[in-house]
1. In whole Hz and in residue order, list the ³J(HN,Hα) couplings for the range 282-292 that follow from phi through the Karplus curve 6.51 cos²θ - 1.76 cosθ + 1.60, θ = phi - 60°; x for Gly and Pro.
2. Between Ile16, Ile41, Ile244, which gets the highest mean-square fluctuation from a Gaussian network model of the chain, Cα cutoff 10 Å?
3. How many times 2.2 N^0.38 Å is the alpha carbon radius of gyration of the chain?
4. By the 4.7 Å beta carbon criterion, which cysteine residues of the chain come out unpaired?
5. Would you mind working out the magnitude of the charge dipole of the range 1-92 relative to its Cα centre, with +1 at each Lys and Arg C-beta and -1 at each Asp and Glu C-beta, to the nearest 20 Debye?
6. Over all Cα pairs of the range 1-128, how is the pair count split among 5 Å bins, expressed in % and running from 0 up to the last occupied bin?
7. Greater than 28 Å separation of Cα atoms is the criterion. Which listed pairs, Lys74/Lys373; Lys77/Lys178; Lys3/Lys266; Lys202/Lys252; Lys27/Lys365; Lys266/Lys305, meet it?
8. Taking the mean number of other Cβ atoms within 10 Å as a proxy for protection, how do you rank 173-185, 303-315 from highest to lowest?
Amino acid sequence: MNKCVYIDRAYEFNTIVKDNKNYAKVKPCCHSHWGLIPNGIRNPLESFETNEVITNNQVIQWFRDYNKTGALPKTCKACTQIESAGGKSSRQSSLEDYDPDYDIFMLDIHTGNECNLACSMCNSYSSSLIKKEMSKYNPQDLPSNWQEDIGQDQNSVATFAQLDQIMSSKSVQYIKFKGGEPMLKRNWVNIERGLLSGQYAKTRLRITTNGTNLNPNVLKTLSLAKSVSVNVSVDGFGAVGEMIRWPQTAGKIQQTLDNIANNKDKHIKFNTQTIVSIMNLGAIEDIWKRCSSVSNQTTFDFDLKPEGHPLDYRNVPIDIRAKVRSSMDPSIMYKKASGTYGTSTPLRNLIDIQHEGWTAPAEVKRTLAWFEKHRGQSLEHVLHPEIYKWYLSI
């Protein structure tokens with residue numbers, strides 16, 4: 001039986017506003033694909049009234065009923081694909097990690113779309129700056145992942161209020177904050193309030209941040225939780241990082257890495273997370289070596305959402321991907337202890353080199369060209385040489 005603690009005892013949620021009413025958008029975890037949940041289940045959203053809108057949501061119940069059959073739905077493919085390749089998935093890790101003394105394994109809180117970066121692979125659901133940039137262009141000229149306006153109707157105040165209600169009646173092993181950017185003022189004041197009040201004294205926090213607002217005072221306050229894992233998004237250095245995480249500068253990216261290296265508080269652990277795309281496919285080895293030398297854990301996410309994303313690395317032809325892979329240090333493909341493929345090794349998904357692409361090459365080129373112009377720098381200094389040659393040939 002494919003038992004999953006996330007399905008049984010975890011909730012990812014935020015608040016969506018429609019017609020001046022608050023509605024809960026809920027699923028078990030961030031790994032599950034929202035778009036693969038049947039439309040009649042994920043819509044219409046349920047209005048916020050009580051805690052049960054989260055814990056007994058129709059989407060959550062669909063996952064639970066499906067899991068009772070002994071199988072996992074297609075929306076859980078992020079884990080099932082790792083498991084079928086011999087790796088260790090988040091589902092499997094959760095089975096080892098869950099403490100039954102807690103009522104809830106994890107609350108995964110989307111704090112809204114307020115963000116100070118406009119990342120190339122992101123969208124307005126997770127970035128208010130992308131929404132702002134969108135208004136400067138004709139919608140049809142934008143990259144496809146920037147075209148849909150989906151971030152303006154989130155109510156982070158209501159989301160934090162719902163979190164407070166749950167915390168007042170349930171014990172929670174983990175709380176994960178993500179955005180947008182949780183460290184920006186509107187979100188941080190709510191997180192800080194909970195820390196100072198002791199609300200998270202018995203809870204382990206996980207915070208996903210771009211690292212731009214990490215400082216000693218923030219870290220001191222975070223240490224009031226039972227433990228803290230700060231997941232810092234690092235998608236490249238130099239020109240690669242600037243192209244992907246605009247308008248973050250190369251110097252600021254390096255400063256974030258220096259802050260991680262200078263952490264002395266054993267209560268706080270730093271993990272770096274990289275979303276693999278066409279833009280940084282050739283930078284994996286550099287990212288791996290620079291991040292793994294200072295962070296407690298270095299992970300790579302090859303599952304770029306939504307499916308069909310024009311920057312998905314699988315849009316690169318198979319033969320070009322093979323050349324990129326062969327140019328990297330082969331030692332980072334394996335766990336040194338056992339010699340088997342592992343979930344934290346960056347090339348685990350590149351092993352499946354036969355996977356075809358998602359979209360037409362013309363859309364890939366249009367997207368890359370748009371970001372090249374928007375960022376004001378040449379892709380020649382960003383893309384792997386083999387990928388750049390392919391880009392020019394399209």
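1. After applying 6.51 cos²θ - 1.76 cosθ + 1.60, I find x, 9, 4, 4, 4, 4, 4, 5, 6, 7, 5 Hz.
2. Between Ile16, Ile41, Ile244, it is Ile41 that shows the largest mean-square fluctuation.
3. Its radius of gyration relative to the 2.2 N^0.38 Å reference: 0.96.
4. Result for the chain is Cys4, Cys29, Cys30, Cys76, Cys79, Cys115, Cys291, no neighbouring Cys Cβ within the cutoff.
5. With only Lys, Arg, Asp and Glu charged at Cβ, the dipole is about 300 debye.
6. All Cα pairs considered, the percentages come to 2, 10, 18, 21, 20, 15, 10, 4, 1, 0.
7. Lys74/Lys373; Lys3/Lys266; Lys202/Lys252; Lys27/Lys365; Lys266/Lys305
8. Working: 173-185: 22.7, 303-315: 20.0.
Averaged packing, sorted descending, gives the order 173-185, 303-315.
Bear in mind that the values in this text are calculations on the coordinates, not laboratory data. This one's a predicted model, so the numbers in the text were calculated from it and none came from an experiment. Neighbour counts run over all protein chains shown; Cβ positions are idealised from the backbone, glycine included.
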